[in-house]
1. When all C-alpha to C-alpha distances in the chain are sorted into bins of 10 Å, what percent of pairs does each bin hold, rounded to whole numbers?
2. Not counting ligands, DNA or RNA, and with a 1.4 Å probe, what is Met212's accessible surface area in Å² rounded to the nearest 10?
3. Any of Lys103/Lys153; Lys74/Lys196; Lys26/Lys150; Lys56/Lys103; Lys74/Lys200; Lys26/Lys153 with alpha carbons more than 21 Å apart? Name them for me.
4. Residues with beta-carbon under 9 Å from that of Pro106, excluding Pro106: net charge, scoring Lys, Arg +1 and Asp, Glu -1?
5. Please list, in order along the stretch 142-159, the HN-Hα scalar couplings obtained from phi with the Karplus expression 6.51 cos²θ - 1.76 cosθ + 1.60 (θ = phi - 60°), rounded to whole Hz, x for Gly and Pro.
6. How far apart, in nanometres, would the label points at Glu79 and Ala162 be if each is projected 7 angstrom from Cα along the Cα-to-Cβ direction?
7. Quick one: ranking Cys129, Cys60 by accessible area, 1.4 Å probe, largest first, what do you get?
8. So, by mean Cβ neighbours within 10 angstrom, what's the order for 201-211, 158-168, 102-112 with the highest one leading?
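The values are calculated or read from the model by the stated rules, or taken from the named source; none is laboratory data. Since the structure is predicted, the reported quantities are computational estimates derived from the model, not experimental observations. No Cβ is skipped: glycine too gets one built from the backbone with ideal geometry, and neighbour counts run over all protein chains shown. Heavy atoms of the whole protein, side chains included, go into the accessibility calculation; ligands, DNA and RNA do not. Shrake-Rupley method; radii C 1.70, N 1.55, O 1.52, S 1.80 Å.
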Amino acid sequence: MSTAMEVKTSADLAQQPEEYRKAVEKIVVSHAVNELYGAQVFDEPAIKLAPTPYTKWLACRIAMEEYHHHVRFKGLADEMGVSPERMDPRNKKPLSIFGFELKTWPEFCVIKAIADYAEILQVEDLLHCSFHPLRNLGRITMPEEKFHAKFGKDMCLELIQAGRGAEVQDAINRYFPITPAFFGAANSTNNETYRKWGLKQRTNEEMRADFMQRVTELVEKDFGLTLPTLH
Ligand SMILES: [Fe+2]
Ligand SMILES: [Fe+2]
């Protein structure tokens, strides 16, 4: 059960119970770190991999937006008094979803189609967050994450239509298996605390199930490819 509390500003946050403050910090720091790391390992390198001026322009736009997401979440963390070291990927280990070594353009297209959809689900959960500054960040970020996922889907479809479906399939085979872990452990105590305080709405398992259903539809119905079975 979530409480009906509403916290409107970072100044008001300082007055809240420690458990609430720590939970908000964890969410903000996690977004700040992962947006930065994703931009560094995927989006910025993708500019070089993009095959045409048009796709380079799109890749630049995506890299710009992902760095901006980091800047926004870090801005909120600064306002909350979180130390900058906590948002440095060198100090906080980024999620496994970013552990993939990007080498080709089809891989980047698959990452955007699948991982940014996972990110949409995470941001969606912030839209009704009891801490309003986080809710507002979710609302600003959402259209851009939707654009990234749509870009990934459209680019994968273009590759498939150009006879490069095998490369898309190969990237899915190697990338998809590391994505379900993005939603965290089942029965996570962090998630329980987030829901208790109305910071998040869904369990990790509910989000993962939603993700699996959507990715199955994307890969099998939209792409006409096969989703690898998970072990
Ligand atoms: Fe992002
Ligand atoms: Fe994104």
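1. Going out from 0 Å in 10 Å bins, the chain shows 8, 33, 35, 18, 6, 1 percent.
2. 50 Å²
3. Values: Lys103/Lys153 19 Å; Lys74/Lys196 25 Å; Lys26/Lys150 29 Å; Lys56/Lys103 16 Å; Lys74/Lys200 19 Å; Lys26/Lys153 31 Å.
Long pairs (Cα-Cα over 21 Å): Lys74/Lys196; Lys26/Lys150; Lys26/Lys153.
4. Numbers: positive: Arg164; negative: Glu107, Glu167, Asp170.
Spelling it out: positives minus negatives among the neighbours equals -2.
5. Working through the residues one at a time gives 3, x, 6, 5, 5, 4, 5, 5, 5, 4, x, 4, 4, 5, 4, 4, 4, 4 Hz.
6. Between Glu79 and Ala162, the label points sit 4.2 nm apart.
7. Numbers: Cys129 0, Cys60 60 Å².
Heavy-atom accessible area, descending, gives Cys60, Cys129.
8. Working: 201-211: 17.6, 158-168: 15.0, 102-112: 21.7.
Ranking the peptides 201-211, 158-168, 102-112 by packing returns 102-112, 201-211, 158-168.
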